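To start, the structure itself, in structure tokens.
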Amino acid sequence: MGDSRTAASAAPKPTRDRNRRGEGARLRADIVAAAVELLDEAGDERAITLRSVARRVGIAAPSIYPHFPDQPAIMLAVVQQAFTELESKLRCAVEEAGDDPRKRLYAACNAYLEFSRSHPERYRTMFGGLWMPTLGDSSVTERDLTTLGREALQILTDTLGGCVTAGYSTSTDPVADAIALWLGLHGFAHQRAVSRVFPWPADIPERIITALARLAT
């Protein structure tokens, strides 16, 4: 018996009308949206191929090439969009937390963990999934990879720096400690996803944040 999710993801959409002049940006966005849908449905980036994406959009596979030279380029766009969404979630959480530096830091960290919980397939793919090609074997460059997540890390760095300025944190190197904090959050997010029956204590996120941000208790 076949997997209903696979059958659904393979089902083609009606053939798409040819774009009018100037509508190439819309087609590019449709290609990325289709790839995100396939990733969310299948839970595996290997489900995203030029053919599967073209079928989902309702175009011929060669129509993708003016927008994306290869499959890794599509995956890069998917991951970049996911990071943009993550960064937006963090910024909104920080703004809604008000002026208290400690609350702003906790808000950013909790928003990070909530994003990883709400979008497990995207989150896993964002951080070193199977999509990452060997440099030189695709159109994806080293700069493309090294800039991923930079803004999200900067938000953690800035909010931690605010705690240092306010005297809430004893950190003497907010940049390095923000990286350590991210690693702690990422480790918990990963283990929570793969160890679903483990009885995590309710205050684990707070323990991670307090310890790695060097917050005074």
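Quick rundown of the values:
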| read-out | value |
| --- | --- |
| Residue in the stretch 142-164 that is at pLDDT below 95 and over 18 Å from residue 84 (Cα atoms) present | yes |
| All positions within the stretch 104-134 that are in contact with a helix residue (DSSP H, G or I) (Cβ under 7 Å, 6 or more places away or on another chain) and closer than 15 Å to residue 209 by Cβ | 104, 105, 106, 107, 108, 109, 110, 111, 112, 113, 116 |
| Residue match in the stretch 152-175 (condition: closer than 21 Å to residue 44 by Cα and in the same structural domain as residue 189 (by TED's automatic domain parsing)) | no |
| Residues of the stretch 143-174 satisfying the condition of being under 23 Å from residue 126 (Cβ atoms) and loosely packed, with under 14 Cβ neighbours inside 10 Å | 143, 146, 147, 150 |
| Of all residues making up the stretch 167-182, the number that are of a type in the set (Gly, Ala, Ser) and in contact with a helix residue (DSSP H, G or I) (Cβ under 6 Å, 6 or more places away or on another chain) | 4 |
| Options 148, 86, 135, 130; residue that is in a helix (DSSP H, G or I) and either without any contact (Cβ under 8 Å) to a residue 60 or more places away in the chain or not assigned by TED's automatic domain parsing to the domain that holds residue 48 (or both) | 86 |
| So residue 116, is it in contact with a Phe, Trp or Tyr (Cβ under 8 Å, 6 or more places away or on another chain) and either not β-branched (Val, Ile, Thr) or not in a helix (DSSP H, G or I) (or both) | yes |
| Pairs, first closer than 17 Å to residue 61 by Cβ in the stretch 16-41, second surrounded by fewer than 14 Cβ atoms within 10 Å (Cβ to Cβ) and at pLDDT 90 or above, C-beta under 8 Å, six or more apart | 19/26; 24/66 |
| Scope the stretch 61-93; condition over 12 Å from residue 31 (Cα atoms) and polar (S, T, N, Q); matching residues | 80, 81, 84, 88 |
| Residues that are modelled with pLDDT under 90 and not in a loop (DSSP other than H, G, I, E, B), drawn from the stretch 2-39 | 4, 5, 6, 7, 8, 9, 10, 24, 25 |
| Residues of the stretch 151-197 that turn out to be assigned to a loop (DSSP other than H, G, I, E, B) and farther than 25 Å from residue 130 by Cβ, as a count | 7 |
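For every residue, the table says whether it meets (1) at pLDDT 95 or above; (2) β-branched (Val, Ile, Thr); (3) under 16 Å from residue 185 (Cβ atoms); (4) crowded, with 21+ Cβ neighbours inside 10 Å.
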site: 85; (1), (2), (3), (4): yes, no, no, no
site: 89; (1), (2), (3), (4): yes, no, yes, no
site: 100; (1), (2), (3), (4): yes, no, no, no
site: 104; (1), (2), (3), (4): yes, no, yes, yes
site: 109; (1), (2), (3), (4): yes, no, yes, yes
site: 115; (1), (2), (3), (4): yes, no, yes, yes
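The values are calculated or read from the model by the stated rules, or taken from the named source; none is laboratory data. Since the model is a prediction, treat every value here as computed from it, not as a measurement. Counting neighbours? That spans all protein chains shown, and the Cβs are built from the backbone with ideal geometry, glycine included.
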